[in-house]
Amino acid sequence: MKKKGDRIYIFDTTLRDGEQSPGASMNPDEKLRFARQLEALGVDIIEAGFPIASEGDFESVRQIAKQVRGPQIAALARANYEDIDRAWEAIAKAAHPRLHVFLSSSDIHLKYQLRKTREEVLEEATKMVAYARRYTDNIEFSPMDATRTDWDYLCQILEAVIEVGATTVNIPDTVGYATPDEFGRLIAYIFSRVKNISKAIVSVHCHNDLGLAVANSLTAIQNGARQVECTINGIGERAGNAALEEVVMALETRKDIYGVRTGIHTEKIFQTSKLLTQITGIHVQPNKAIVGANAFAHESGIHQDGLLKEKMTYEIIKPEKVGISETQLVLGKHSGRHAVSEHLKKMGYRLTPEELNKVMTRFKELADVKKEIFDEDLEAILFEEVFRAKDKYKLVYLNVVSGNVAVPTAIIRMQVDQEEILDAGFGVGPVDATFAGIRKITKTDYPLVRYAVDAVTKGTDALGEATVQLRYNDHTVVGRGAHPDVIVASALAYINALNRLEWLKGNIKKVSIRD
Ligand code: KIV
Ligand code: ZN
């Protein structure tokens, strides 16, 4: 086999496939902020969305294409004129645009979903890649469900689309069915059978239904693939996609095995993972590799003893390498505007004077009730005050009575659009009463799917961070709220979920990649 270069291109699809995770919908401001973070992380290609899916998707992709100038910006399109035109319209102003065209290729999809013959699909794929090529010479083609496609037919499609101009051919394991050995053999087969394969980069896109997405991606690299499609925290359709942080850190930590490199600034991994959690409200499991809360925690006495003697005994990655540092005591009641602003800069956040004003107001309130303010507290404030989208509903005031002799009662004043409304709710406990009050004021009654409270830092004066997930027809939204008082945090989370739901209602996707 011809020797491949040692550079692996990281194609991040958190904003497209990742957003297909239940409850992970993001609004255009959030997507733009996350795209900027991906740029800082050093990803090569950002798949910004599926522009035909909704007005919201189109606008997000357009904004990212205009404002994020470093990486390539990809837009997804089914293999038809309308999708390709719309996708191009969204990315035309990008510094480095890429059209990503896909069409199913497995007999199962052809028979039951597309109701087309192999010949028809081959012709359509070729015709549509040739059409996309009129807009740009940066074309990626994905034969969807490639791993359940007849290998020779797959090679035939790849050869045909490369012939008409595809510069990247992506091999999706759409349903997460492949095993590492089999997937490695498929990639090697493609290299040996597709005559013009050297004219394209071979990419892989693995789903995690069997928990093998990262393993499959790594085996593909060993067999010549040079682009990996992945998402932060491994979010994505069903069980998710290959986790970017796991692929990158496996390549980095086991250079001796893989002998390749990426352009990722690994010390930004943790910050990126946290930003995604803050935006979507979807937490990573504590034992998740690389970014889970326990990924670098050593509980056993024997391990702790070894670590004290020599870190290498039980630590294969230095936490600093992925941007995890000891929780820092940063500021307190007497810290002024300059100190807060300088510290935020060190954390990577540059705020406008107006944004800093908002942060300072909340900072002073928090410092009055909490002696020590940690980085995590500052980030929670930042998220609440600066990053949050313009809201329909706002909490003005909350007073809760509860205890073992009182009927839990919440008196709430809220702003709904421009009007202030005061009302009360009753329940079996203070949170129940608060949610009942909010429902009354907002005249809403969406089913509650999940409610959870966590502490942002240690200690009883820690900021409480609440998560509320609500259902709307087939969709769910996740809201977050942080406050030293967990009932207030819960109210903020509920109201945040309602605001996100308002946005979602106006942006329900017209089509999905399964249509
Ligand atoms: O999983 C899949 O097949 C996809 C394609 C659109 C690449 O997401
Ligand atoms: Zn996918």
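The values are calculated or read from the model by the stated rules, or taken from the named source; none is laboratory data. Owing to the predicted nature of the structure, the values given are computational and were not obtained by experimental measurement. In this analysis, Cβ positions are derived from the backbone assuming ideal geometry, glycine residues included, and neighbour counts consider all displayed protein chains. We work out accessible area using only protein heavy atoms, side chains counted, and drop any ligands, DNA or RNA first. Shrake-Rupley method; radii C 1.70, N 1.55, O 1.52, S 1.80 Å.
Okay, here's what the table says:
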{"read-out": "Modelled FRET efficiency - R0 41 Å, Leu114 with Gln67, Cβ distances, 0.05 increments", "value": "0.65"}
{"read-out": "With Cα atoms, 0 to 90° folded angle of helix 55-67 axis to the chain main axis", "value": "80"}
{"read-out": "Cα-based convex hull volume of segment 9-280 per residue, rounded to whole Å³", "value": "111"}
{"read-out": "Principal axis dimensions, segment 74-144 - Cα atoms, whole angstrom, descending", "value": "39, 17, 16"}
{"read-out": "Fraction of accessible area attributable to carbon and sulfur, segment 9-280 (%, probe 1.4 Å)", "value": "49"}
{"read-out": "Contour minus Cα-Cα distance for Met312 and Val396 (0.36 nm per residue)", "value": "25.0 nm"}
{"read-out": "Antiparallel bridges, percent of DSSP beta bridges restricted to the chain (to nearest 5)", "value": "50"}
{"read-out": "Full-extension gain in nm, Phe296 to Lys505, via 0.36 nm per residue minus C-alpha separation", "value": "71.2 nm"}
{"read-out": "Gyration tensor verdict on segment 337-385 (Cα atoms; rounded if a/c is under 1.5, prolate if a/b is larger than b/c, oblate otherwise)", "value": "prolate"}
{"read-out": "Mean-position separation - Cα centroids, segment 6-64 and segment 371-413, in angstrom", "value": "30"}
{"read-out": "Surrounding net charge for Tyr397, when Lys and Arg each add one and Asp and Glu each subtract one, Cβ distance under 11 Å", "value": "+1"}
{"read-out": "Rg over Rh, two decimals, segment 350-479 (C-alpha only, Kirkwood Rh)", "value": "0.98"}
{"read-out": "Gain in span if fully extended, Val260 to Asp6, counting 0.36 nm per residue against the direct Cα distance", "value": "91.0 nm"}
{"read-out": "Residues Asp368 and Val407, FRET efficiency given R0 of 25 Å [Cβ-Cβ distance, rounded to 0.05]", "value": "0.25"}
{"read-out": "Distance in nm between pseudo-label sites at Lys93 and Ala289 (7 Å out along the Cβ direction from Cα)", "value": "4.0"}
{"read-out": "Area projected by the alpha carbon convex hull of the chain, averaged over all directions, nm²", "value": "26.2"}
{"read-out": "Accessible surface of segment 337-385, 1.4 Å probe, proportion on carbon and sulfur as whole %", "value": "50"}
{"read-out": "Local electrostatic count at Val175 - Lys and Arg +1, Asp and Glu -1, tallied over other residues with Cβ under 9 Å", "value": "-1"}
{"read-out": "Alpha-carbon centroid distance for the pair segment 96-173 / segment 187-258, whole angstrom", "value": "19"}
{"read-out": "For the chain: accessible area per residue (Å², 1.4 Å)", "value": "44"}
{"read-out": "Most positive-pole-ward Cα, Ser21, Cys230, Ile108, against dipole of the chain from beta carbon charges", "value": "Cys230"}
{"read-out": "Around Ile317: net Lys/Arg minus Asp/Glu count, Cβ-Cβ under 12 Å", "value": "-2"}
{"read-out": "C-alpha long axis of helix 28-41 to longest principal axis of the chain, angle in °", "value": "70"}
